[in-house]
Amino acid sequence: MTDADPTSRPALFDGPIDLHLHSNRSDGTEDPAVLVERAAQEGLGTIALTDHDTTAGWAEAAAAATARGMTFIPGMELSAKDGWRSVHVLAYLFDPTDPDLVAETARIRDDRIGRAERIVRNIGRDYALRWEDVLEQTDPGATVGRPHIADALVARGIVRDRGEAFDGILHPRQGYYEAHYAPDPLTAIELVVAAGGVPVIAHPAGRERMTDATLRRLIDAGLGGLEIDHRENTAEGRAWLRGIAAEHDLIVTGSSDYHGAGKPNVPGENTTDPAMLQRIIDRGSGSAPVYPVRGR
Ligand code: AMP
Ligand code: FE
Ligand code: FE
Ligand code: ZN
């Protein structure tokens with residue numbers, strides 16, 4: 001009998017775990033490697049990259065993380081909507097080549113472009129903003145969203161920061177808003193499960209809280225967990241979620257939703273229990289965690 005390979009999986013995860021961070025492959029402001037550097041500065045031991053509707057940053061983030069002695073969990077935040085409510089489905093350890101999921105994320109990303117152009121056209125009737133301004137704020141190939149329009153409004157001197165843009169011009173009530181295509185949450189969860197992934201509802205008790213009935217339907221469809229410790233979940237909402245998680249033995253996560261300079265969220269401001277990450281790993285079968293090379 002030989003000893004287990006010391007370069008493979010650690011007995012337990014070293015350091016805090018943050019399973020929800022964004023790079024400039026979607027609406028974060030930093031390259032994946034820079035984001036990893038920032039996470040390392042905050043002392044994190046394990047991170048997941050969860051860009052909206054894309055896996056484009058995985059390779060860069062995984063290489064940077066393991067080089068720094070951190071564990072990398074492949075992830076994504078899949079856009080969905082329940083009527084007018086936007087629902088974000090975090091997905092972990094799914095197969096990034098799954099044809100159905102690849103087709104669906106491509107459709108969402110593509111539709112987000114036309115939608116962003118329509119929003120900019122609407123805003124352009126009242127403010128000096130053009131589509132080129134948004135392109136200047138968007139990395140090539142990145143998933144386009146309102147945050148990029150916000151950055152363009154900042155660059156034009158129309159608002160001070162993303163927060164002011166979202167509270168004002170980009171708020172649906174202001175009349176410039178347009179929606180983009182997204183699957184309903186049930187379909188989103190089925191897609192993630194079929195791709196071997198573990199679906200976790202992101203910030204389920206924030207501003208756009210889903211109903212109890214919807215949540216129960218998603219659990220029946222294979223929902224793996226709930227992101228409870230997140231700055232946008234209200235205290236009362238967290239209590240509601242903890243009750244449901246206990247009742248259905250769901251995985252519970254906590255995370256920062258870091259977006260670089262685009263939001264005040266700091267890597268590691270909320271973290272996930274190692275036992276919960278272990279449950280995600282035991283359940284995910286479409287891709288694998290990337291562990292650091294040890295003993296350096
Ligand atoms: P979209 O999916 O294009 O409608 O844009 C929603 C994204 O905007 C979310 O993923 C958030 O990361 C970001 N966002 C929402 N509210 C704010 C805010 N107040 N400040 C900065 N970013 C925000
Ligand atoms: Fe975002
Ligand atoms: Fe989200
Ligand atoms: Zn997010």
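Quick note: the coordinates plus some simple rules give every number you see, no bench work behind them. Given the structure is predicted, the values throughout are model-derived calculations rather than measurements. Don't worry about glycine lacking a Cβ; one is built from the backbone with ideal geometry, like all the others, and counts go over all protein chains shown.
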TODO: Could you run the Karplus curve 6.51 cos²θ - 1.76 cosθ + 1.60 with θ = phi - 60° over segment 22-27 and give me ³J(HN,Hα) per residue in whole Hz, x for Gly and Pro?
DONE: 10, 10, 6, 6, 10, 9
Task: Furthest towards positive pole of dipole, THR272, PRO292, GLY237, structure part the chain, Cβ charges - done: GLY237
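Please give the length that would be gained between TYR127 and HIS248 if that part of the chain were fully extended, namely 0.36 nm times their separation in residues minus their C-alpha to C-alpha distance (nm, one decimal).
Extra length available between TYR127 and HIS248 comes to 38.6 nm.
Listed highest first by mean packing, meaning other Cβ atoms within 10 Å per residue, what order do 184-197, 153-166 come in?
In decreasing order of mean packing, 184-197, 153-166 become 184-197, 153-166.
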Open item on the list: Shape verdict for segment 113-174, please, from the Cα gyration tensor: rounded (a/c under 1.5), prolate (a/b greater than b/c) or oblate.
Closed with: rounded
TODO: Before anything else, pin down the relative contact order of segment 113-174: Cα pairs under 8 Å, at least 6 apart, normalised by residue count, whole percent.
DONE: 26 percent
TODO: With springs connecting C-alpha atoms under 10 Å apart, model the chain as a Gaussian network and identify which of ARG125, ARG109, ARG217 has the largest mean-square fluctuation.
DONE: ARG125
TODO: Calculate one ³J(HN,Hα) per residue across segment 193-209 by plugging θ = phi - 60° into the Karplus curve 6.51 cos²θ - 1.76 cosθ + 1.60, and present them in order as whole Hz with x for glycine and proline.
DONE: 5, 5, 8, x, x, 10, x, 10, 6, 6, 5, x, 10, x, 4, 9, 6
Task: Amide H within-cut-off set for THR71, under 5 Å, with H built and near neighbours excluded - done: THR46, ILE47
Task: Relative contact order, percent, the chain [alpha-carbon distance under 8 Å, six or more residues apart] - done: 26 percent
Open item on the list: Out of all Cα-Cα pairs in the chain, roughly what percent, to the nearest whole number, are more than 27 Å apart?
Closed with: 40 percent
Open item on the list: Modelling each spin label as a point 7 Å along the Cα-to-Cβ direction, I'd like the ASP139/ALA67 distance in nm, to one decimal.
Closed with: 1.4 nm
Open item on the list: Amide H of LYS81 versus every other amide H placed in the peptide plane: which residues, excluding those fewer than 5 positions away on the same chain, fall under 5 Å?
Closed with: VAL87, ASP184
Open item on the list: Quick check: Cα centre of segment 209-265 to Cα centre of segment 39-58, how many Å?
Closed with: 19 Å
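How do ILE169, ILE47 rank when sorted from fewest to most other Cβ atoms within 10 Å of their own Cβ?
ILE169, ILE47
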- [ ] Find how much the distance from ASP220 to ASP273 grows on full extension, using 0.36 nm per residue of separation minus their present alpha carbon separation; answer in nm with one decimal.
- [x] 16.7 nm
- [ ] Decide, for segment 236-296, between rounded, prolate and oblate: order the square roots of the alpha carbon gyration tensor eigenvalues as a ≥ b ≥ c, take rounded if a/c falls under 1.5, and otherwise choose prolate if a/b is larger than b/c, else oblate.
- [x] oblate
